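The block underneath contains the structure these notes are about, expressed in structure tokens.
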Amino acid sequence: MRPTRLSHRALAFAAAAALGAGLLSGCANDSGGNGGSGGNDGGSGTTTISIGLFGTFGFKEAGLFTEYEKLHPGIKIAQNVTERNQNYYPALVNHLTTGSGLQDIQAVEVGNIAEVVSTQASKLEDLSKVSGVNKSDFLDWKWQQATTKDGQTIGLGTDVGPMAICYRKDLFQQAGLPTDREQVGKLWAGDWSKLVSVGERYQKKAPKGTTFMDSPGGLLNAILSSQKEKFYDASGKVIYKTNPAVRSAFDLTAKAAQDGLVGSQTQFQPAWDQTIANVKFAAVACPPWMLGYLKGKSKADAQGKWDVTVAPRSGNWGGSFLTVPKTGKHVKEAEALAAWLTAPAQQAKLFGVQGSFPSAQAAYSSPEVTGAKNEMTGDAPIGTIFAEAAKSSPVQVIGPKDQIITQGLTDNGVFLVTKGKSPEQAWKTATKTIDNNLDQ
């Protein structure tokens, strides 16, 4: 994700949630304490657990903090929220490095988890040893993302972003395409190039002023989300320039941009918001949190006109973790709270109210997931669709600078093709920008 903008969570929440009042996110203020675990905070036998988040994870909004406090009368929870991850994360790294100024619980965005695992694990508790935490409850690939080579799990997954495709049924119908979600999914099953081919069919009869997909960055992100290896190999080597999967995804997206199948917009910017409100595109790469953004930026008459179907290949875009610093004031209490917040029952509740999709696969059979509906997509069984995508997503290699590379390939790469650059020129600009940012 772009380090210079709001995290997808904060944006989605600001737009309004997929199933309730908001969506997911997290990071912390700098107002934490340090020292050993245990102890009370100022009389009355009350222990205050501080939790640092970026954007809006939805714990408070879904009533989970209040519920936990009722279950544990001696506990109070104080969340410290920083709106932008790019402001939160550097401060978090500084506090971890110095061992001071940390909250009892600190959230970490998926784009940063690899760097935290490789450079800061010694500063964080091994949460796999906490009572009530069961590895089998979580998606294997999610658990692995926060696990060190020697087997310490320093983060518990709060959510994931399994990939689907959301589409406007009315625009598909006007362009002569099927609208039934199963039929639509079959059009591009197994191959992203088939999705682009459907876009070519759409564009031939497209309603005036519309494109098939919203943006080149959204398409590229979706394709890359389904790759096991993209920017780094398993040894940690940067391979984005030599990985054929990355170049193939870039070229396919660039072709779609060159052919006018995607809008000339950068996602999560005001101009892109207007394309949602004014119905300027027919389809969008759609993790669960995107439903909240569509709801927040659409006009009221858009409700029920969207549908959601499977992506060409399963992938993941987004998600975060909760970690417990060893120097927190209340380590044991923080571990118990982190375990409870990420347990299947609480993750299911969060999805039902907030739209954050569980990283705990044990939650996928709960009524809150199996019976989930969204007003934008009508009767679409969104819980089932996203659960299947989550379970079949690849165990992806996440590198420490994934966000920088992604931004370079999208904003300084395929986006330029919509402005007249050739795909080769766009690739050269993107790789030069990325290498400069990586000091290579």
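Restricted to segment 141-152, and to residues there that are of a type outside the set (Gly, Ala, Ser) and without any contact (Cβ under 8 Å) to a residue 24 or more places away in the chain, the residue that is farthest from ASP402 (Cα to Cα) is ASP150.
Here are some residues: GLU182, GLU200. Which one is closer than 24 Å to PRO394 by Cβ, of a type in the set (D, E, K, R) and exposed (fewer than 15 other Cβ atoms within 10 Å of the Cβ)? Spell out the reasoning first.
Values: GLU200 fails: closer than 24 Å to PRO394 by Cβ.
Among GLU182, GLU200, only GLU182 is closer than 24 Å to PRO394 by Cβ, of a type in the set (D, E, K, R) and exposed (fewer than 15 other Cβ atoms within 10 Å of the Cβ).
In this structure, does ALA345 turn out to be at pLDDT 95 or above, among the aliphatic types (A, V, I, L, M) and surrounded by fewer than 20 Cβ atoms within 10 Å (Cβ to Cβ)? The answer is yes for ALA345.
Hand me the list of helices (runs of 4 or more DSSP H) wholly inside segment 335-440 holding 2 or more residues that are out of contact with any strand residue (DSSP E or B) (no Cβ under 9 Å at 6 or more places or on another chain).
Working: elements: 344-354, 367-370, 382-392, 402-409, 423-437.
Hits in segment 335-440: 344-354, 367-370, 402-409, 423-437.
Which residue is nearest to ILE223 (Cα to Cα), if the candidates are limited to segment 408-423 and must be more than 27 Å from the chain's Cα centre (by Cα) and small (Gly, Ala, Ser)? In this case the residue turns out to be SER422. How many of the residues making up segment 222-247 are under 17 Å from TRP188 (Cα atoms) and outside any loop (DSSP other than H, G, I, E, B)? So the answer is 4.
The residues of segment 325-337 that are within 16 Å of THR47 (Cα to Cα) and either acidic (Asp, Glu) or touching an Asp or Glu at 6+ places or on another chain (Cβ under 9 Å) (or both), listed by number, are GLY328, LYS329, HIS330, VAL331, GLU333, ALA334, GLU335, LEU337.
One residue stands out among those in segment 198-221 that are assigned to a helix (DSSP H, G or I) and among the polar types (S, T, N, Q): the one that is nearest to the chain's Cα centre (by Cα), which is ASN221.
Here's the yes/no breakdown for (1) surrounded by fewer than 21 Cβ atoms within 10 Å (Cβ to Cβ); (2) within 16 Å of LEU252 (Cα to Cα):
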{"residue": "GLY408", "(1), (2)": "no, no"}
{"residue": "SER422", "(1), (2)": "yes, yes"}
{"residue": "LYS432", "(1), (2)": "yes, no"}
{"residue": "ASN437", "(1), (2)": "yes, no"}
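For segment 224-253, filtering for residues that are within 29 Å of THR119 (Cα to Cα), among the β-branched types (Val, Ile, Thr) and either crowded, with 24+ Cβ neighbours inside 10 Å or free of Cβ contacts under 8 Å to residues at least 24 places away in the same chain (or both) leaves 2.
Scan segment 125-140 and tell me whether some residue there is out of contact with any strand residue (DSSP E or B) (no Cβ under 6 Å at 6 or more places or on another chain), farther than 29 Å from ALA387 by Cβ and without any contact (Cβ under 8 Å) to a residue 40 or more places away in the chain. No, the conditions are met nowhere in segment 125-140.
Among the residues of segment 269-279, what is the count of those that are assigned to a loop (DSSP other than H, G, I, E, B) and out of contact with any helix residue (DSSP H, G or I) (no Cβ under 8 Å at 6 or more places or on another chain)?
2
The values are calculated or read from the model by the stated rules, or taken from the named source; none is laboratory data. What you see is a predicted model; the values in this text were computed from it and never measured. Every residue, glycine as well, gets a Cβ built from its backbone with ideal geometry; the counts of neighbours run over all protein chains shown.
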